[in-house]
Each structure stands twice: as structure tokens, then as C-alpha cells.
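A.B. asks: Before anything else, here's the structure in question.
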Amino acid sequence: MRITLIKVFPGFERSYRKLSQAVKEAAKERERLFRENAFDFRLHTHKLHGKDKGSWAFSINNAYRVKFIFLNGSSVLFLDVGTHD
């Protein structure tokens, strides 16, 4: 599934600014993969449960992930970026 539009929640921007430069670089590469195919196996894209039910996440690395929701077939809203905590 190709993603043509990514909108960003203000909380995502705040969290992203706090990341180390290495994690930011990894996030940019993962975003590139995500735009090409939101379900690329390297992203480990999955539905979230509990209080985040209705949201999805993909992995940046073993510690960090991006939480998002689908707005329509090819648009998403990035909600947050950070560790699994």
C-alpha cells in the first residue's frame, strides 16, 4: 500500500525533536520505506490494542516506533514517535 500523504500531529513534532540524531536518521529511512509500502516486512507494521485501539505502529528500530492512524486509503496521520513505554 503506497502512502501519498503524511500529516503530522503536533505531539509527534515535539517528540521527534527530542530524538537523537541517529534515531532521526533511522526514522527518515523508515518513513521512506513506509511511503513505498506501509506493510513492508522490515517495518513490522501492526495494530495497537488497549488505550491505543484503532491506531497502528511501525518500528524504527528495536526501541523506537511511530504510532499512526489511517485517514483514508493513502493518507495517514503520525500521532507519536518514541519508545514502547
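The values are calculated or read from the model by the stated rules, or taken from the named source; none is laboratory data. All of these numbers come straight from a predicted model, not from anything done at the bench. With ideal geometry, Cβ positions are generated from the backbone for all residues, glycine too; neighbour counts draw on all protein chains shown. Calculation scope for accessible area: heavy atoms of the full protein, side chains included, ligands and nucleic acids excluded. Shrake-Rupley method; radii C 1.70, N 1.55, O 1.52, S 1.80 Å.
A.B. asks: Please give the per residue accessible area of the chain, computed with a probe of 1.4 Å over protein heavy atoms only, in Å².
C.D. replies: With all protein chains present, the chain gives 63 Å² per residue.
A.B. asks: Round to the nearest 0.05 the FRET efficiency obtained for residue 25 and residue 77 when R0 = 35 Å and r is the Cβ-Cβ distance.
C.D. replies: 0.95
A.B. asks: In the chain, what percent of the accessible surface is made up of carbon and sulfur (1.4 Å probe, ligands and nucleic acids excluded)?
C.D. replies: 53 percent
A.B. asks: Right, another one. Of the DSSP beta bridges with both residues in the chain, give the percent that are antiparallel, rounding to the nearest 5.
C.D. replies: Taking every DSSP beta bridge with both residues in the chain, the antiparallel ones total about 80 percent.
A.B. asks: Remind me, relative contact order of the chain in percent, using alpha carbon pairs under 8 angstrom and six or more residues apart? Please list the in-between numbers first.
C.D. replies: Values: 139 pairs, mean separation 30.6, N = 85.
Relative contact order for the chain comes out at 36 percent.
A.B. asks: Given (i) 11.0; (ii) 5.8; (iii) 5.2, which label gives mean projected area of the Cα convex hull in nm² as computed from the coordinates?
C.D. replies: The calculated read-out lines up with (iii).
A.B. asks: Let's test the formula: R0 of 22 Å, r as the Cβ-Cβ distance of residue 63 and residue 33. What FRET efficiency results, to the nearest 0.05? All intermediate terms of the calculation are to be shown ahead of the outcome.
C.D. replies: On the way: r = 18 Å, r/R0 = 0.80.
So, using R0 = 22 Å, E works out to roughly 0.80.
A.B. asks: In addition: Could you state the number of Å between the C-alpha centres of region 1-49 and region 63-78?
C.D. replies: 7 Å
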